[in-house]
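Visitor: Handing you a structure now.
The values are calculated or read from the model by the stated rules, or taken from the named source; none is laboratory data. Everything numeric in this text was worked out from a predicted model, so none of it was measured. All Cβ positions, even for glycine, are placed from backbone atoms using ideal geometry, and neighbour counts span all protein chains on display.
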Amino acid sequence: MNPVETNQLAEVVEHVKGWPPESKIVLVRRILETLKTSSGPSPARTGRSVQEWIGMGAGASPPPDDETVRRWFEEHRAEKSR
């Protein structure tokens, strides 16, 4: 980044410093949209989607209550001391 760009960037940051967060987010999105290229389709994604990752660790039953977890700890400690 050359000195002129650095100064311009500093000016923009100073200008938007007092903006509400929602307005800053809109600005960031608009800037990111300028990075999109129209040189063809995006490469195919591999792996899992965000929706697949969300809730992966969730089980089918409700989580244990505090008393159940305490009992498990005590049982584990008892097994270790044998």
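Visitor: For the range 1-23, name all the residues that are under 25 Å from the mean Cα position of the chain (by Cα) and exposed (fewer than 10 other Cβ atoms within 10 Å of the Cβ).
Guide: Val13, Lys17, Gly18, Pro20, Pro21, Glu22
Visitor: Go through (1) over 22 Å from the mean Cα position of the chain (by Cα); (2) outside any helix (DSSP H, G or I) one by one and return the number of the condition Glu75 breaks.
Guide: Every listed condition holds for Glu75 apart from (2).
Visitor: Any idea how many residues of the range 1-45 are modelled with pLDDT of 85 or more and not in a helix (DSSP H, G or I)?
Guide: Matching residues across the range 1-45 total 7.
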